[in-house]
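**Q** Could you have a look at this structure, given as structure tokens, before my questions?
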């Protein structure tokens, strides 16, 4: 199917837990990043024209190849363009005005805008598209897992190219929303010995509405308008600052004092009070679920009966009512209910303490002791961990809790020996397609890399997920993904704790903010109007 659009007339319109800390950005950096500019100034007018967003964790790097990590995605969104983007749940044009697959799904023809300029003033062409995708394939990291079927790009002219795939890959167009287009000449000139990774860790090579102008490690990242942006500007901010405030209470204080404009991590207990004080509390349904994954090898949880008992011990209703204050819903299986191919018939355990105790007794299990990790400074996780600990004590299982950072979590999951018995983590789909959940979190390819957290290895699930990737018919895809959901549920690999809403608190006077399900825990700053 072809998707044409006309060029816009005049002005027009114009994302977290993968967390790492990188040495490349571990000091205060002065960034040239293809242009100058400053962040919020001391004057009243400058402050009014500066949008300041509080986030609880800084990015590992500014290299968009790592944009499968939401902290990196957050700073890539303002600085870079993509071929396609999501408007809500609809795949829409961006730099590509038309895209069309061939009949067997192995080639994608693209038509590009001819008015896109990079931050250094040079023009974006199809050669930059080819360079970006080739670089991702060479590096084999980050978003490479999302475009694994990529083979090559044939450039016809500046505004036309054909992407060749190794095999049909149904989610490929969706995955392009996480492929940020690079200024090939600029990156090549600064490639060094690592394909530009070191340089891009602290510089940008984009064409997005804002250009990176400064970063103070663990404190803030600063951006200023790219006046040559093809979308034009109306009342968007002149400058954008991401300020890294790890504690929810600190974000609340900063918002109340006017030091920031948007807070992304306010505790649920504070939402009502801030709304009554005149702040906007935006609540949006998401494709994000909170899971607890079981260690599948060399653990007491290798016993499926123990996993089943635990799944019946948890108080799912209390999680929604007390922890989330009603801002969410119970999960049904591992795939969020808002996703295509969600199977509502997937069995989802309910709290039943008597049943959990009976399962343990029948299996001859007693005196079980387990350790679970969860992420620090995450209100939902902290409370859910304590609730699960209490629930398991009711059935005679001792749960020791360990609060860690996301970098520590990733390191722990690299080997089976260091993987905890249970690991609590969010699933943040990189794009709103079932493959972004079922492949990345449950396929054996991702064991020991921080995605398939507990080492889940079911060859039949792998086969079904791969069938879904290759299918060009939606009903065929959903049939495969539906069977995979049923099998994962039967294995009791995951406790599907919740499907929370995403809550953002904004100061009065800001308009245009919309939650972006394809870029969870990011702000599309170009859409926010400050005037």
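The values are calculated or read from the model by the stated rules, or taken from the named source; none is laboratory data. As the structure is a computational prediction, the values presented were derived from the model and not from experiment. All Cβ positions, glycine included, derive from the backbone under ideal geometry; neighbour counts span all protein chains shown.
**Q** If a residue must be surrounded by fewer than 19 Cβ atoms within 10 Å (Cβ to Cβ) and touching a helix residue (DSSP H, G or I) at 6+ places or on another chain (Cβ under 6 Å), how many such residues does the range 316-345 contain?
**A** The total comes to 2.
**Q** Determine whether the range 125-142 contains at least one residue that is outside any loop (DSSP other than H, G, I, E, B), in the same structural domain as residue 205 (by TED's automatic domain parsing), at pLDDT below 95 and touching a helix residue (DSSP H, G or I) at 6+ places or on another chain (Cβ under 8 Å). Give the derivation first.
**A** As a first pass, look at the range 125-142 and keep what is outside any loop (DSSP other than H, G, I, E, B): 126-139, 142.
Retained after the next criterion (residues that are in the same structural domain as residue 205 (by TED's automatic domain parsing)): 126-139, 142.
Imposing the further condition that a residue be at pLDDT below 95 reduces the set to 142.
Narrowing further to those that are touching a helix residue (DSSP H, G or I) at 6+ places or on another chain (Cβ under 8 Å): 142.
There is at least one residue in the range 125-142 that is outside any loop (DSSP other than H, G, I, E, B), in the same structural domain as residue 205 (by TED's automatic domain parsing), at pLDDT below 95 and touching a helix residue (DSSP H, G or I) at 6+ places or on another chain (Cβ under 8 Å).
**Q** If you take the residues of the range 350-371 that are surrounded by 14 or more Cβ atoms within 10 Å (Cβ to Cβ) and touching a strand residue (DSSP E or B) at 6+ places or on another chain (Cβ under 6 Å), which of them is farthest from residue 395 (Cα to Cα)?
**A** So the residue we want is 371.
**Q** While we're looking at this one, here's another question. Please tell me if residue 237 is in a loop (DSSP other than H, G, I, E, B), surrounded by 16 or more Cβ atoms within 10 Å (Cβ to Cβ), touching a strand residue (DSSP E or B) at 6+ places or on another chain (Cβ under 6 Å) and not assigned by TED's automatic domain parsing to the domain that holds residue 384. Lay out the reasoning, then the answer.
**A** Numbers: in a loop (DSSP other than H, G, I, E, B): yes; surrounded by 16 or more Cβ atoms within 10 Å (Cβ to Cβ): yes; touching a strand residue (DSSP E or B) at 6+ places or on another chain (Cβ under 6 Å): yes; not assigned by TED's automatic domain parsing to the domain that holds residue 384: yes.
So residue 237 fits the description; yes.
**Q** Would you confirm whether or not the range 241-264 contains a residue that is in a strand (DSSP E or B) and surrounded by fewer than 17 Cβ atoms within 10 Å (Cβ to Cβ)?
**A** no
Residues checked against (1) under 24 Å from the mean Cα position of the chain (by Cα); (2) under 24 Å from residue 237 (Cβ atoms); (3) assigned by TED's automatic domain parsing to the domain that holds residue 136:
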position: 184; (1), (2), (3): no, no, yes
position: 189; (1), (2), (3): no, no, yes
position: 198; (1), (2), (3): yes, no, yes
position: 203; (1), (2), (3): yes, yes, yes
position: 212; (1), (2), (3): yes, yes, yes
position: 219; (1), (2), (3): yes, yes, yes
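**Q** Could you please give the count of residues in the range 349-380 that are out of contact with any helix residue (DSSP H, G or I) (no Cβ under 7 Å at 6 or more places or on another chain) and modelled with pLDDT under 95?
**A** 3
**Q** Can I ask one more? Can you confirm whether the range 86-97 contains a residue that is under 30 Å from residue 215 (Cα atoms) and touching a strand residue (DSSP E or B) at 6+ places or on another chain (Cβ under 6 Å)?
**A** Scanning the range 86-97 turns up at least one residue that is under 30 Å from residue 215 (Cα atoms) and touching a strand residue (DSSP E or B) at 6+ places or on another chain (Cβ under 6 Å).
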